[in-house]
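Chemist: Just passing along the structure, written as structure tokens.
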Amino acid sequence: MSVRKMLLSLLAPASAIVFALIVASIALMAVGRNPLDAFSSMWSFATTSTSVASMVNRAIPLYISAVAVAVGFQMGLFNIGVEGQYLIAALFAGWVGGNIAMWAPLHVTLIILVAVLVGAIWSGIAGYLKITRGVHEVISTIMLNFIAYSMIAYLLLNHFRDDPNKLNLQTPVLPESGWLPDLNFLFTMFGFDEPRGIALQGFLVIAIGVGVLYYMLVKRTRFGFELRASGMNPGAARMSGVAPKRMVLTTMLISGGVAGMVGLSTMFGNLHAYTQDFPRGYGFNGIAVALLGRNSAVGMALGALLFGFMDRSALILDLEDTPKEVVQIMQGVVVLAVVVAYEVVNRMIERREIKAAAEATRTADEREEVAA
Amino acid sequence: MTNRLSDTSTEMQSKRSLLDSKAIRYTVFALAGLFLLSTVQAIAGTSELTSSGTWAAAIRLAVPIMLAGLGGLFSERSGVVNIGLEGMMIAGTWFGAWAGWSWGPWTGVLFGVIGGAIFGLIHALATVTFAVDHIVSGVAINILAAGAMRFLSVVTYTVESGGGATQSPRIKDSIATFDVPLLSDAFNWIEDRAWFFISDVAGLLAGITTKMSWLTLVALLIVPLTWWALWRTAWGLRLRSCGENPYAAESLGVPVLRMKYYGVVLSGALAGLGGAYLVVVQAGIYREGMTAGRGFIGLASLIFGNWYPFGVAAGSSVFGYADALSLRQGTAVHALLLVAAIALAILAVLAFTRKKTTAGIVQGIAAALFLGWYLVTDSVATQVIAALPYLVTLLVLAMATQRLRMPAADGLRYRKGEAV
């Protein structure tokens, strides 16, 4: 990859962010607020220790969700069902984890395993339907999302509920052996203020591990090679001995397994149970982050942090009487703009290559003519 | 030459008779279904399965789903997959409520359509002009629409107006309803007699002819209009050809990009109309999240209806009916289990007579399971009803993939002049 090509690929996300800022500015100006004031107060608010911790906490589930989506993207599979997979996985993980108590590392591992398993089963249904019945995964995962919502509501109300007399509808609270410690010591270790009223979630370590594993899997294993080959040229991959059906099912299972972990940072670090108001929307925003980061382990981390930053810094806007919802517009615009920008940049590269090839053949022809 | 001409004329004739026999067949099916419902109703001791109130509610609940589905139909027939229907519908609810609050219901309807069409235009711009992946664009539109409407609520509604960040003030007035003269009274009278089957048919007809909103009538008329526009006009043929083989269409001089724009913008407009219907006819107010996945159910009804307008109408009616039952009387839903059991048993018998043993066995087991479910329990959880459209669609997709056929070039990226 040449330097120019790399600059070109950085151009796409950068221009998308600029475009989103412009749209947000127009929206803010239309309602009579000064966008520059809003952005500068967002920035200064978001650079305190407390905000950084909150921003990273918000980025963790988005990142895991993005990885789950990206695994599928590598071979052109669209797992749009991360939303349902992580919610139902969190429900089961919370229920199992809340009903037992054991040695802490084992307890945490068990919860993670349950979540991964349930997520994989839920996405596996879509994978199975695709390879046996030819049902497109986009449709089946959308349907499975809604089935999951209903199933969660049913199970939580009738079977997994902590105590029917309690007002809150939730699974039993995890015993402390099923919590993960916070990482606030990192701030003091590097000489920053300790965040106030907020804990940097310990699940960060696992999220980073997921990112590293994802990188290794895609770039350093045979499976990863076959995955990318199936995505780039399914016909050629099949001819070279990749079994397409097995690929689809395995990829869906991995994607769903990763998706199962999306809700765990909240469960380990914050709510310690599956509650009725368990945070939603990570699945769809994860798709956005995967697109923003172009399926790259590092790119998606930056994208997740950007979304975390936007969510966190939006909080200051309300205090200044500026509608914080402008951030949601920015997030939506950024996704749409980034895919359009990648498309435009790709066309630019394509055109350049065609031009270069044409030039090369012309000079070759001329040389031949001269020689003749 | 003469030979070929006569060929086409006989082909047309056979098509005509096929259509007629189809119409007759569907009527017979519908009557048989109704007969099944009235039988079960007699066994289960409820009258809600076929009461005019249930039918009226079913229509009200089915219309928004149907409009979203028809929106999806225009888009997908032109070759663009539209996952953004939900977002376009959200835009329809917001603009419908805002304009309805400001100027009255019909203006609300108009603005709902415009609001949906704007997001349709964005989808078209991304997928048609920039050749972005259709699913990606659709997901982005859903995120964008939800965020943008929240923003608009915050900046538009003050506490004094009675609205807020998550809901609008109540809209002015409502759209008038009408009874079909004579027929409405006659059907209601027959329904009240409680004659087996006859009163049930009358209940259905009374539900259609009594207190119907004018907007419902408009929405129902869109179904045949869609069929006519897509299957009986040159414009429709061109639009469909873009969904089947855009490069062939291009070579014949069809402006493919423009046709796709028509399809996707119309799709947004119809989804927006569905959203406006929710506000203007059903709720009288905008509430955040009031679409509750109806855009996706519309998509489901599109698949269920095999990418045909009347199929979409049938699919959305089934989903609307189940919704109406659970809203009106939870116990009536329980009787549906028996309906399912009997229907599956009949299908199993039919399969055996056609020597399809495996299908017959599967259907027979399913029938037994439903019967067991009916006998063992005495109510159905509301969550099951909520999941029903999605579950049914998934089952239909898994069972009948051979019979379903989506437009051949649906979802594929198209760039002008790239024919291979």
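Chemist: Fewest first, what order do A:Arg58, B:Arg60, A:Arg228 take by the number of other Cβ atoms within 10 Å?
Modeler: Ascending number of Cβ neighbours within 10 Å: A:Arg228, B:Arg60, A:Arg58.
Chemist: Now a separate question. On a 0 to 90° scale, report how tilted helix A:35-46 is relative to the longest principal axis of chain A, with both axes built from alpha carbons and the result rounded to the nearest 10.
Modeler: 60 degrees
Chemist: Count charges around A:Ser313 for me, please; just the other residues with Cβ under 14 Å from its Cβ, Lys/Arg as +1, Asp/Glu as -1.
Modeler: Every neighbour counted, the sum reads -2.
Chemist: While we're looking at this one, here's another question. Can you give the relative contact order of chain A as a percent, counting alpha carbon pairs under 8 Å and 6+ residues apart?
Modeler: 34 percent
Chemist: Then there is this: Quick check: from the Cα gyration tensor, does chain B come out rounded (a/c under 1.5), prolate or oblate?
Modeler: The shape class here is oblate.
Chemist: Ok, one more. How would you order B:76-87, A:257-268 from highest to lowest mean count of nearby Cβ atoms within 10 Å?
Modeler: Ranking, from highest mean packing down: B:76-87, A:257-268.
Chemist: Rounded to the nearest 10 degrees, what's the angle between the helix A:49-73 long axis and the longest principal axis of chain A, both from Cα atoms, 0 to 90?
Modeler: For helix A:49-73, the angle is close to 60 degrees.
Chemist: Nearest 500 deg cm²/dmol is fine: what mean residue ellipticity at 222 nm does chain B get from its DSSP H runs of n ≥ 4 alone, each adding -39,500 (n - 2.57), divided by its residue count?
Modeler: -24500 deg cm²/dmol
Chemist: Report, in deg cm²/dmol and to the nearest 500, the calculated mean residue ellipticity at 222 nm for chain A, where each DSSP H run with n ≥ 4 adds -39500 (n - 2.57) and the sum is divided by the residue count.
Modeler: It lands at -25000 deg cm²/dmol.
Chemist: If you count, for every residue in B:127-139, the Cβ atoms of partner chains within 10 Å of its Cβ, what is the mean?
Modeler: Mean inter-chain Cβ contacts per residue within 10 Å come to 5.
Chemist: Give a residue-ordered list of calculated ³J(HN,Hα) values for segment A:324-340 (Karplus: 6.51 cos²θ - 1.76 cosθ + 1.60, θ = phi - 60°; whole Hz; x for Gly, Pro).
Modeler: For segment A:324-340, the Karplus curve yields 6, 5, 4, 5, 5, 4, 4, 5, x, 5, 4, 5, 5, 5, 5, 5, 5 Hz.
Chemist: Step through the residues of segment B:65-74 one at a time and calculate ³J(HN,Hα) from phi using the Karplus curve (6.51 cos²θ - 1.76 cosθ + 1.60, θ = phi - 60°), rounding each to whole Hz and writing x for Gly and Pro.
Modeler: For segment B:65-74, the Karplus curve yields 4, 5, 5, 4, x, 5, x, x, 4, 4 Hz.
Chemist: In sequence order, what are the phi-derived ³J(HN,Hα) couplings for segment A:247-259 according to the Karplus relation 6.51 cos²θ - 1.76 cosθ + 1.60 with θ = phi - 60°, rounded to whole Hz, with x for glycine and proline?
Modeler: For segment A:247-259, the Karplus curve yields 4, 4, 5, 4, 5, 4, 5, 4, 4, x, x, 5, 4 Hz.
Chemist: Turning to a different aspect of this structure: If one computes the Cα centroid of segment A:64-88 and of segment B:369-387, what distance in Å separates the two points?
Modeler: 32 Å
Chemist: If you keep only loop residues by DSSP, which chymotrypsin sites (Phe, Trp or Tyr not before Pro) in segment A:162-259 have at most 14 other Cβ atoms within 10 Å of their Cβ?
Modeler: Listed in order of number, the matching sites are A:Phe190, A:Phe192.
Chemist: How far apart, in nanometres, would the label points at A:Ala358 and A:Ala104 be if each is projected 7 angstrom from Cα along the Cα-to-Cβ direction?
Modeler: Roughly 6.7 nm, to one decimal.
Chemist: Lys and Arg at +1, Asp and Glu at -1: add these up for the other residues within a Cβ distance under 11 Å of B:Leu299 and post the number.
Modeler: Residues near B:Leu299 contribute -1 overall.
Chemist: Return the single residue from A:Val289, A:Val248, A:Val205 with maximal mean-square fluctuation; model: Gaussian network over chain A, springs between Cα atoms under 10 Å.
Modeler: In the Gaussian network model the winner is A:Val205.
Chemist: Which order results if B:Ile122, A:Ile208, A:Ile26 are arranged by neighbouring Cβ count within 10 Å, fewest first?
Modeler: In order of increasing Cβ crowding within 10 Å: A:Ile26, A:Ile208, B:Ile122.
Chemist: Filter the chymotrypsin sites (Phe, Trp or Tyr not before Pro) in segment A:50-144 to those in DSSP coil with at most 11 other Cβ atoms within 10 Å of their Cβ, and list the result.
Modeler: Those that pass, being in a loop and sparsely packed, are A:Trp103.
Chemist: Show the residues, 5+ positions off or on another chain, whose built amide H is closer than 5 Å to the amide H of A:Gln170.
Modeler: Hits under the 5 Å cutoff: A:Asp162, A:Asp163.
Chemist: What is the helix-to-structure angle for A:82-98, meaning the angle in degrees between its Cα long axis and the longest Cα principal axis of chain A, kept from 0 to 90 and rounded to the nearest 10?
Modeler: 30 degrees
Chemist: Compute the signed sum of charges (Lys and Arg +1, Asp and Glu -1) over the other residues within less than 12 Å, Cβ to Cβ, of B:Gly92.
Modeler: Taking every other residue near B:Gly92 into account, the sum is 0.
Chemist: Oh, and also: Based on other C-beta atoms within 10 Å, arrange B:Lys172, B:Lys355, B:Lys260 from fewest to most.
Modeler: B:Lys355, B:Lys172, B:Lys260
Chemist: Just flag the trypsin sites (Lys or Arg not before Pro) in segment A:267-372 sitting in loop per DSSP whose Cβ has no more than 14 other Cβ atoms within 10 Å.
Modeler: A:Arg280
Every number here is computed from the coordinates shown, using simple stated rules; none is lab data. Quick caveat, the model's predicted, so the values are computed rather than measured. Note that we place each Cβ from the backbone using ideal geometry, even for glycine, and neighbour counts take in every protein chain shown.
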